[in-house]
Amino acid sequence: QVQVVESGGGLVQPGGSLRLSCAASGSISSINRMGWYRQVPGKQRELVADITSRSSTNYADPVNGRFTISRDNAKNTVYLQMNNLKPEDTAVYFCNLETPMWSYWGQGTQVTVSS
């Protein structure tokens, strides 16, 4: 049984920073792509950033230059460093881990940017 758990969300003021973590446990191997998505009520889930097994990264335009995705393969963990946060970054953030056989999602962590 594979579990995927996000952490690190919370309330932060505009201009602040947060670091999200997503760790997979259980019988999981060969994680290829790891990604972060976000969703606000009434809208579709959107890709924020992803990183391949070779650490090639990709960012959505609204977060490019402010967010940094990284991974620790030994720990089956992906991180999202979020700097200079804006109110429009408020959303539930989900991580997604892709293996050759399956795609795993976490339960989500709330990020709220407000003064």
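The values are calculated or read from the model by the stated rules, or taken from the named source; none is laboratory data. As the structure is a computational prediction, the values presented were derived from the model and not from experiment. Ideal geometry is used to build each Cβ from the backbone, glycine not excepted, and the neighbour counts take in all protein chains shown. These accessible areas exclude ligands, DNA and RNA; they are computed on the full protein's heavy atoms, side chains included. Shrake-Rupley method; radii C 1.70, N 1.55, O 1.52, S 1.80 Å.
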For the residue pair Ser27 and Lys43, what label-to-label distance in nm results when each label sits 7 Å from Cα along the Cα-to-beta-carbon direction? 3.9
Rounded to the nearest 20 debye, dipole of the chain from Cβ charges on Lys, Arg, Asp, Glu: 100
The stretch 27-58 to the stretch 4-21: how many Å between their Cα centroids? 16
Accessible-area composition of the chain, carbon plus sulfur, in percent [1.4 Å probe]: 46
Sort the stretch 58-115 into rounded, prolate or oblate with this rule: let a ≥ b ≥ c be the square roots of the eigenvalues of the Cα gyration tensor; rounded if a/c is under 1.5, and if a/c is not under 1.5, prolate when a/b is larger than b/c, oblate otherwise. prolate
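Pairs of alpha-carbon atoms within less than 8 angstrom and 6+ residues apart define the contacts here; what relative contact order does the chain have, in percent?
37
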Per-pair calculated FRET efficiency, R0 = 30 Å: Thr68 and Thr90 via Cβ, rounded to 0.05: 0.95
Cβ-placed point charges (K, R +1; D, E -1), dipole of the stretch 59-109 about Cα centre in debye, nearest 20: 140
From most to least accessible, 1.4 Å probe, no ligand or DNA/RNA atoms counted, Asp89, Asp61 line up as Asp61, Asp89
Relative contact order (percent, whole number), the stretch 18-80, Cα cutoff 8 Å, 6+ residue spacing: 37
Just how much of Glu46 is accessible, in Å², when a 1.4 Å probe is used and the result is rounded to the nearest 10? 90
Which one, Ala74, Ala60, Ala24, has the greatest fluctuation when you compute a Gaussian network model over the chain with C-alpha springs under 10 angstrom? Ala74
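Put Met101, Met82 in order of accessible area, largest first, 1.4 Å probe: what do you get? Before the final figure, lay out the partial values.
Details: Met101 165, Met82 0 Å².
Solvent-accessible surface, decreasing: Met101, Met82.
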